1. Lysine pairs in segment 39-180 8 or more apart or on different chains: how many have alpha carbons under 30 angstrom apart?
2. So if I place +1 on the C-beta of Lys and Arg and -1 on the C-beta of Asp and Glu, and nothing else carries charge, what would the dipole magnitude of the chain be about its Cα centre? I want it in debye, nearest 20.
3. Considering only protein heavy atoms and a probe of 1.4 Å, how much of the accessible area of the chain is carbon and sulfur, as a whole percent?
4. Taking the Cα centre of segment 40-169 as the origin and placing charges on Cβ (Lys, Arg +1; Asp, Glu -1), which of 56, 128, 143 is farthest toward the positive end of the dipole?
5. Roughly how many nanometres apart are two label points built 7 Å out from the Cα toward the Cβ at residue 38 and residue 6?
6. Bin width 10 Å, origin at 0, all Cα-Cα pairs of segment 53-140: what percent of pairs per bin?
7. Working from Cα positions, state the angle (0 to 90°, nearest 10) between the long axis of helix 161-177 and the longest principal axis of the chain.
8. Residue 106 label point, 7 Å along Cα→Cβ, cut-off 18 Å on backbone N: hits in segment 112-155?
Amino acid sequence: MGWIGEQIDSVKSMQFRQLFTQAISLGMIVTSALIIWKGLMCITGSESPVVVVLSGSMEPGFKRGDILFLHMSKEPIRAGEIVVFNVDGREIPIVHRVIKVHEREDTGEVDVLTKGDNNFGDDRLLYAQGQMWLQRHHIMGRAVGFLPYVGWVTIIMTEQPLIKYVLIGALGLLVITSKE
């Protein structure tokens, strides 16, 4: 019958109380992950403290599949820093380097222009139509560290959704059927 059949038989043979306890344990794991994520958001000041590089536009510095750790401080952004930003009308954040900084004399606000290290031109073609600069509200954070290749798990699960569902199902089954 195999491993899956044994796991299904194990779930069928569970008493309600044991099944309820396992479901609570699974809920605690999910809740703990959300609390950790929200805590990281508060500590780093970034709406997304961890992102995965999805393209080769920042090679050789960052490769596709690298995980970046972000931090957003009150200090002005300077040329040369690597930032992650959202563009109006696009869901996926972009990781690129700041190449120009424009400080407004009247307000002191800083606008930035970005470019991927592996791209020929600046990012104005990626920005919303008519937008020439990124403002602070577009910036999600500055890259402060990275883990190479670890983000490939996320990329594979995004590009192959079946793998994601099988993995989630197997992990859920493992938590429900584990005996203490």
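The values are calculated or read from the model by the stated rules, or taken from the named source; none is laboratory data. All values derive from a computational prediction rather than experimental measurement. All Cβ positions, even for glycine, are placed from backbone atoms using ideal geometry, and neighbour counts span all protein chains on display. What goes into the accessible areas is simple: the full protein's heavy atoms, side chains included, and nothing from ligands, DNA or RNA. Shrake-Rupley method; radii C 1.70, N 1.55, O 1.52, S 1.80 Å.
1. Values: 63/74; 63/100; 63/115; 63/164; 74/100; 74/115; 100/115; 164/179.
Summing the qualifying lysine pairs gives 8.
2. Dipole size: approximately 400 debye.
3. 64
4. So the residue furthest toward the plus end is 56.
5. Between residue 38 and residue 6, the simple spin-label model gives 3.9 nm.
6. All Cα pairs, binned at 10 Å, distribute as 17, 53, 28, 3, 0 percent.
7. The two axes meet at around 50 degrees.
8. 112, 132-136
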